[in-house]
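The values are calculated or read from the model by the stated rules, or taken from the named source; none is laboratory data. Small disclaimer: the values here were computed from a predicted structure and weren't measured. So basically every Cβ, Gly included, is an ideal-geometry build from the backbone, and we count neighbours across all protein chains shown.
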Amino acid sequence: MTRPIRMSQAASAELYAAVRWYEAQRPGLGAELFDSVNRILNFVESNPWLAQQSLPTPGHADSSSGVSLTKWSIASTQTRS
């Protein structure tokens with residue numbers, strides 16, 4: 001079972017801004033970030049139950065990373081792979 005991840009326009013813009021910033025710091029670093037995010041999102045899509053067990057409630061910052069999850073969501077419709 002997979003659950004597609006929907007990325008809001010705000011999250012997409014934030015990701016691409018981060019990719020550009022990291023790429024400006026060191027060529028190739030932005031691509032590494034983008035690839036890492038893609039791998040994580042693909043993993044979460046394929047294993048949504050793991051993410052649901054470990055992620056804080058959407059809209060609250062994860063105190064360990066300081067990351068707000070308000071811009072990311074896992075689609076509520078379920079599909080089979």
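Results, tabulated for the structure shown:
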{"item": "Residues that are under 20 Å from Leu50 (Cβ atoms) and either of a type in the set (Val, Ile, Thr) or over 15 Å from the mean Cα position of the chain (by Cα) (or both), drawn from the stretch 1-38", "result": "Met1, Thr2, Ile5, Val37"}
{"item": "Residue satisfying all of: in the stretch 1-28; hydroxyl-bearing (Ser, Thr, Tyr) and either without any contact (Cβ under 8 Å) to a residue 24 or more places away in the chain or part of a helix (DSSP H, G or I) (or both); farthest from Arg39 (Cα to Cα) among these", "result": "Tyr22"}
{"item": "The stretch 34-59 residues that are of a type in the set (Gly, Ala, Ser), paired with ones that are modelled with pLDDT of 60 or more (beta carbon under 8 Å, 6 or more apart)", "result": "Ser46/Thr2; Ala51/Val44"}
